[in-house]
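Shown next, in structure tokens, is the structure this report addresses.
The values are calculated or read from the model by the stated rules, or taken from the named source; none is laboratory data. Keep in mind that what you see is a predicted model, and the values were worked out from it rather than measured. Counting neighbours? That spans all protein chains shown, and the Cβs are built from the backbone with ideal geometry, glycine included. Note: areas computed on protein heavy atoms with side chains; ligands, DNA, RNA excluded. Shrake-Rupley method; radii C 1.70, N 1.55, O 1.52, S 1.80 Å.
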Amino acid sequence: MNAITYATAQIVRVLPRTRITRAAGHLADYAWPDLLGKAVVHFYCRAYNVKLDECCKRDGYTSFDDFFTRELREGARTLPSDPRIVISPADGRIDSLGRVDGHRFEVKGRPYEVSELVGDSAEAKRYEGGSGCVVYLSPRDYHRVHSPVAGKIVAVRSMRGDYYPVNAIGIQHVPKLLVRNRRVAIVIDSQGFGLVTVVMVSAMVVGRITVTGIDARDVPIGCHTLKPPRAIARGEQIGIFHLGSTAVVFFEPGAKVRFLAGVGPIRFAEPLAIQDVQDAIQEATQNAIQEKKGAE
């Protein structure tokens, strides 16, 4: 164990993380003077190697939050033409991907209860034997989250939690980090993939999360059923991190997705996985036969 990272983790444990996060959020909303804004954006882009070529604007940001949640210009990313392809919901780095083993999903060698991540035990059962992946968004990344598939947002669950940093130090030294932090689960009833849930996990200095279909500055705590459900296209925006963090995506076993990407960098709209149609059809046929036999 690295002594420096261990010491850093112990310092983080005793910090007033919630107060720091709220203060950072207020500071990010501060309407800065134009010259100050240009200086901050210039320094940040140099420090984190941020490219603004794909964004709607290169300058004129009214606050740090306005800059941090910058939009991509229309046509900046091209979606795959094949409807079987699941796209990455965000820019970032894939930290973990693989099968859901029973009711657990492993992240960096640590098992997590799917029910704690998605916030609902009944829904978690639907992902048993399915697949999942984790996309970590660094300070240099574009911080809007998009739907990996087409469908309808049927529910949004906003869960209370802490604000530990979701980085190598936090993952290594904070037990069950992803379910200790505040998180918002966006449930999508998809076209052809069954239920898909995207969990947005907060981190230290992540002031708030906004979600498509919830008209609020920050998603209120609790379960919100969208009536009627909100239709969403593949690649359409579903949420925004107002300062950083992580997205976890779950697929049902019946979706029959095979990952095309591996651990490492990925960008929103790039292929993440593909549905094996033959396997899906075969399983659906077998299920129909079993149901018919049961009825007889």
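Condition (residue is over 18 Å from the mean Cα position of the chain (by Cα), closer than 14 Å to Ile186 by Cβ and among the polar types (S, T, N, Q)) applied to segment 220-229: is it met by at least one residue? For segment 220-229, residues over 18 Å from the mean Cα position of the chain (by Cα), closer than 14 Å to Ile186 by Cβ and among the polar types (S, T, N, Q): present. Could you say whether any residue in segment 81-101 is at positive phi and part of a loop (DSSP other than H, G, I, E, B)? So far as segment 81-101 goes, no, none of its residues is at positive phi and part of a loop (DSSP other than H, G, I, E, B).
In segment 47-76, of all residues being in a loop (DSSP other than H, G, I, E, B) and open to solvent by less than 40 Å² (accessible area, probe 1.4 Å), the one that is nearest to Arg208 (Cα to Cα) corresponds to Thr69. Contact annotation: residue pairs with Cβ atoms under 7 Å, 6 or more positions apart or on different chains, pairing a residue in segment 232-261 that is assigned to a strand (DSSP E or B) with a partner that is open to solvent by 50 Å² or more (accessible area, probe 1.4 Å), are Ile232/Lys152; Arg258/Asp276; Phe259/Leu97. In segment 80-98, of all residues being surrounded by fewer than 17 Cβ atoms within 10 Å (Cβ to Cβ) and under 18 Å from the mean Cα position of the chain (by Cα), the one that is nearest to Asn49 (Cα to Cα) corresponds to Arg93. Scanning segment 233-260 for residues that are in contact with a strand residue (DSSP E or B) (Cβ under 6 Å, 6 or more places away or on another chain), small (Gly, Ala, Ser), modelled with pLDDT of 95 or more and open to solvent by 10 Å² or more (accessible area, probe 1.4 Å) turns up just one, Gly235.
Going through (1) of a type outside the set (D, E, K, R); (2) surrounded by fewer than 16 Cβ atoms within 10 Å (Cβ to Cβ); (3) more than 22 Å from Gly239 (Cβ to Cβ) one by one, His103 falls short only on (2). Note on segment 194-210: residues that are at pLDDT below 95, of a type in the set (Val, Ile, Thr) and in a strand (DSSP E or B) amount to 3. Across segment 106-150, the qualifying residues are those that are touching an Asp or Glu at 6+ places or on another chain (Cβ under 6 Å) and farther than 17 Å from Val187 by Cβ, and the one among them that is most open to solvent (accessible area, probe 1.4 Å) is Tyr136. Every test in (1) surrounded by fewer than 16 Cβ atoms within 10 Å (Cβ to Cβ); (2) within 29 Å of Gly132 (Cβ to Cβ); (3) modelled with pLDDT of 90 or more is passed by Thr5 save one, and that test is (3). The set of residues in segment 112-142 that are in a loop (DSSP other than H, G, I, E, B) and over 17 Å from Arg182 (Cα atoms) comprises Tyr127, Glu128, Gly129, Gly130, Ser138, Pro139, Arg140, Asp141, Tyr142. Within segment 183-194, residues that are in contact (Cβ under 8 Å) with a residue 24 or more places away in the chain and open to solvent by 10 Å² or more (accessible area, probe 1.4 Å) sit with their Cβ atoms under 6 Å from residues that are of a type in the set (Asp, Glu) and assigned to a loop (DSSP other than H, G, I, E, B), at 6+ positions apart or across chains, in these pairs: Gly194/Glu252.
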